[in-house]
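Take a look at the structure set out below.
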Amino acid sequence: MVGLALIDRLTTNYPSIADPILARLPFVSLFGVGEVIFIALIAALTISFFRSRPQEVSYLLIMIGIYYALRGVFLFLMPIGSPLDAPPVDTRFHFYPYAGHAYFPGGHVGIMLLLAMMTINKPMRWVLIIAILIFGFGSMLTRAHYSGDILGGLMLGYVVYVFSERNIKQCWAKLQL
């Protein structure tokens, strides 16, 4: 959030960009349903993780920190505005304090994917990934995100997960001994 506040002070213009996928999708107003679904999914995933793997909570927090650090770099380098046909920010329901900009990569889907990938039960993991994809599609329908934001968030979340599993997990396990 500090980085976003800095970007907000340094940048005076957040241009919208054309998105060929959004241009073909209808706009759907869900009146904040997406934010509520996001909070519910995050809560369910977090509770599940805390119950099944409490010893790895610190490891998960490290992955989330890496994700947001990398996301912050993108947000700083690419300050883009709302999608072209998004409703004005003051008419939308949102919890995010910078809803008029800071889109790529999508943080909602990236964090949900990190949590889903940490799910031990593989069939449940796939159910969660499908739910995340549906959530991402809904984010595009409501013009909360560009299509590239969703794809970028998923890709960055997956890359952070794979990198962490290959490089950080072993180090973290050694520190826990």
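The values are calculated or read from the model by the stated rules, or taken from the named source; none is laboratory data. Just so you know, these numbers come straight off a predicted model, no measurement behind them. Here the Cβ is made from the backbone with ideal geometry for all residues, glycine too, and neighbour counts use every protein chain on show.
Based on this model, can you work out whether Tyr59 counts as part of a helix (DSSP H, G or I), in contact with a Lys or Arg (Cβ under 7 Å, 6 or more places away or on another chain) and at pLDDT 80 or above?
When the stated conditions are applied, Tyr59 passes them.
Where in the stretch 118-177 are there helices (runs of 4 or more DSSP H), lying wholly inside it, with at least 3 residues that are out of contact with any helix residue (DSSP H, G or I) (no Cβ under 7 Å at 6 or more places or on another chain) and farther than 22 Å from Leu75 by Cβ?
By residue number, 122-141, 169-176.
Is one or more of the residues making up the stretch 65-88 in a loop (DSSP other than H, G, I, E, B), at pLDDT 65 or above, under 16 Å from the mean Cα position of the chain (by Cα) and aromatic (Phe, Trp, Tyr)?
Looking for residues that are in a loop (DSSP other than H, G, I, E, B), at pLDDT 65 or above, under 16 Å from the mean Cα position of the chain (by Cα) and aromatic (Phe, Trp, Tyr), one finds none in the stretch 65-88, hence no.
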